[in-house]
Amino acid sequence: MESPEQRREALSDLSREAHACVRCALAKTRTTVVFGSGDPDAELMFIGEAPGKREDEAGTPFIGAAGKLLDKLLGEIGMQRSDVFVANVLKCRPPDNRDPRPSEIEECSSYLHSQISLIAPRLICTLGNFSTKLLRADPTGITELHGSPEVVLLGGHSVRLYPVFHPAAALYKPSAVEVMRADFARIPALLKLPLPDPQEEELKAPSPAVEVKLIEEPGGQIGMF
Ligand code: URA
């Protein structure tokens, strides 16, 4: 087991590696790599889709309009950005904010999996479809899954996944903001729930790319890949 200092150092090394990344063509069009930001020891992680224009310029995730909504919803549950770690599925902006391509997600996903394994959060809020589908290794969409927590095994740790709508999708839709608000309201209680010991569970990787297994979640999703 690594010490907190070793994990922080490994996260800094990973960030340096990502900043030099040329695994996909987005390296040619990005301004900067948006690795992620926040508390490296956070119990709560948010994972979005990909940097937008503002984030690409600044190197920080969720600083545009969607980020402002994220901050507002966090504030309403008594938390702020510095309490959490925020990252994206893709670390580089797709041109014109087009959807991430499967090949880009595949090339980039090891950074996200390493981040999760080093930060070892208790709760991961996947924001929208891309991060939800990637971390669940399943194509079920966010409309069906939002607000349903489930425990999975990621990077050797039990973690509770909690899909919520992407704030950008809620920006111009007040009804979606209310759904997000209700989903966010459960976050403090979810952070307090115990997590099963992965050593006591039978491990099984559902796909070669992602080590994830649903374990069990009373009142939420129950299933197994
Ligand atoms: N949308 C995302 O998914 N991520 C960001 O960092 C900004 C907007």
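Please treat every number below as a calculation from the coordinates, not as lab data. Just so it is clear, the model here is predicted, and its values are computed rather than measured. For neighbour counting, all protein chains shown are included, and Cβ atoms are generated from backbone atoms with ideal geometry for every residue, glycine included.
So here's what we get for this one:
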quantity	calculated
Inter-probe distance in nm under a simple model that places probes 7 Å from Cα toward Cβ, at ALA176 and GLN80	2.8 nm
Global form of the stretch 1-105, assessed from the alpha-carbon gyration tensor, a/c cut-off 1.5	oblate
FRET efficiency estimate (nearest 0.05) - Cβ-Cβ, SER110 to THR143, R0 35 angstrom	0.80
Kyte-Doolittle mean at least -1.0 and Cα axial length at least 15 Å: DSSP H helices in the chain	65-76, 102-119, 174-185
Cα pair distances in the stretch 32-73, grouped into 10 Å bins until the bin that holds the longest one, percent each	29, 57, 15
Highest-MSF residue in the chain out of ARG160, ARG186, ARG23 [GNM, Cα springs under 10 Å]	ARG23
Amide hydrogen neighbours beyond the local backbone of ARG93, cut-off 5 Å, H modeled	THR31
Zone residues, the stretch 64-85, relative to THR31, backbone N less than 18 Å from point 7 Å out along Cα-to-Cβ	64-68
Cα-based equivalent ellipsoid of the stretch 4-190: semi-axis lengths in Å, sorted from largest, via gyration tensor	23, 19, 16
Packing rank of 106-113, 40-47, 70-77, where each peptide gets the mean count of other beta carbons within 10 Å, highest leading	40-47, 106-113, 70-77
